[in-house]
Amino acid sequence: MHKIKLSGFQLQVLISLCMYIGQSLVGFTISWSGPMIPKLQDLDQSPLSQNLTDAQASLTASLLYVGSIPGSYLVGWLSNFKGRKPCLLLGGFVSMTGYILLLTTHNVPMLFIGRLLTGLSVGCIFLVVIVYLGEIASTNRRGTLLAIAGIFTTLGSMSLFSAATFLSYRESTSVGLAFSIIFILGLLMIPESPMFHVLKGDDNAVKKTLQDLDRLDDLEKFIVAKEDYRTISNIKDWRDLFTLRNNRKALFRLTTINIFQQFSGVMAVVFFSLEYLN
């Protein structure tokens, strides 16, 4: 049998597709409470032995945030020590565990723990997917590949609402479990980020990964990044964020947009979408 040799562009596309499955999982998980809470409050559809109260429903939705905040901080630190790929696998396995709990739940505590774990996975996956895509993509393709990631987040959310229209609580939640498993299987076949090899000083692995990605022309940039990593401290990074004019402008714009987005109540609409329709 002849081993299929992929071009650098083809490999980048396949890796991106794996990341997009992760983004679809993120969109599915964020929106999960929207169509699922009405099912949990209907004893004919709910796996619970009692009706979910309004307070419990609110907590079920908002526990996503409780889990996602520490998740992003955890992988932000861990990805520089263990690698981007292990952090993505961690997010995938945590998501799978969370959906198994949501799928098999018979009581409210199991429901809360499952939602908390899926929130933790969102924090892990969302952050590392963006970092990883930015590091494996060629400069001329990076913007496109990163922009498409946002589209797949929306598609993941749409797949949930489409499935929940026709499927039961358990069947709809099984789709999230399927996303998690497919994402994990895809991760087993992708390489580690070349930037992580740079951080670890493994020059041979850097060259091998860049060669597979057809990015050997960028080798010099990674060497410079390696030198910067040695000389720049975290304190200097934070200082540059506020002292450099371009950084301040970018920080102000990003913070302003996010403040307006959150104060618009968009997440409340997503979390309780079918409640509003009812």
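In the chain, a dipole from Cβ-located charges (positive for Lys and Arg, negative for Asp and Glu) runs towards its positive end, and of F28, T153, M189 it is M189 whose Cα lies farthest in that direction.
In debye, nearest 20: dipole of the chain around its Cα centre with unit charges on the Cβ of K, R (+) and D, E (-)? Write down the numbers at each step before the final one.
Details: 23 positive and 18 negative charges, 142 e Å.
Taking the Cα centre of the chain as origin, the dipole is about 680 debye.
Among the trypsin sites (Lys or Arg not before Pro) found in region 27-86, those both in a DSSP coil and sparsely packed, with 15 or fewer other Cβ atoms within 10 Å of their Cβ, are K82.
Basic side chains Lys and Arg get +1 at the Cβ, acidic Asp and Glu get -1 at the Cβ, and with that the dipole of region 56-188 about its Cα centre reaches some 240 debye. A protection proxy built from the mean count of other Cβ atoms within 10 Å ranks the segments 259-270, 125-136, 62-73, 20-31, most packed first, as 20-31, 125-136, 62-73, 259-270. Counting only Cα atoms, the size of region 163-220 along its three principal axes is 53, 20, 15 Å, in decreasing order. Rounded to the nearest 500, what is the 222 nm mean residue ellipticity of the chain from helices alone, with -39500 (n - 2.57) per DSSP H run of 4+ residues and division by all residues? Counting only the DSSP helices, I get -26500 deg cm²/dmol.
log10 I(q)/I(0), Debye, Cα-only region 22-72, no solvent, q = 0.16, 0.26 Å⁻¹? Debye intensities relative to I(0), on a log10 scale: -0.52, -1.00.
Principal axis analysis of the Cα atoms in region 2-47 yields extents of 55, 22, 8 Å, listed in decreasing size. Rolling a 1.4 Å probe over the protein heavy atoms of region 120-188, with every protein chain left in place, gives an accessible area that is 77 percent carbon and sulfur.
Between region 86-147 and region 178-194, what is the C-alpha centre distance in whole Å? With region 86-147 and region 178-194 each reduced to a Cα centre, they are spaced 11 Å. Could you point to the residue in S79, C18, I113 farthest towards the positive end of the chain's charge dipole, with +1 and -1 charges on the Cβ of Lys/Arg and Asp/Glu respectively? Going by the charge dipole, the pick is S79.
Placing unit charges on the Cβ atoms of the charged side chains and taking the dipole of the chain about its Cα centre, the candidate lying farthest along the positive direction among L167, N258, Y65 is N258. Screening the chain for whole DSSP H helices of 15 Å or more along their axis (Cα) with average Kyte-Doolittle hydropathy at least 0.5 returns 8-31, 54-78, 84-104, 108-136, 139-166, 169-187.
So, with +1 on the Cβ of K and R and -1 on the Cβ of D and E, and no other charges, what is the size of the charge dipole of region 128-210 about its Cα centre, to the nearest 20 debye? Please report the intermediate quantities before stating the final value.
On the way: 6 positive and 5 negative charges, 25 e Å.
Roughly 120 debye for region 128-210.
Which semi-axes, in whole Å and largest first, does the equivalent ellipsoid of region 14-151 have when worked out from the alpha carbon gyration tensor as the square roots of 5 times its eigenvalues? Spell out each step's value before the answer.
Details: eigenvalues 200, 45, 25 Å².
Over the Cα atoms of region 14-151, the ellipsoid semi-axes are 32, 15, 11 Å.
At the listed q of 0.09, 0.15 Å⁻¹, the Debye profile of the chain, built from one uniform point per Cα, gives log10 I(q)/I(0) equal to -0.48, -1.14.
The values are calculated or read from the model by the stated rules, or taken from the named source; none is laboratory data. Computed from a prediction, not measured in an experiment: that's the story for all the values here. Note that we place each Cβ from the backbone using ideal geometry, even for glycine, and neighbour counts take in every protein chain shown. Quick note on the areas: whole protein, heavy atoms, side chains included, nothing else; ligands and nucleic acids left out. Shrake-Rupley method; radii C 1.70, N 1.55, O 1.52, S 1.80 Å.
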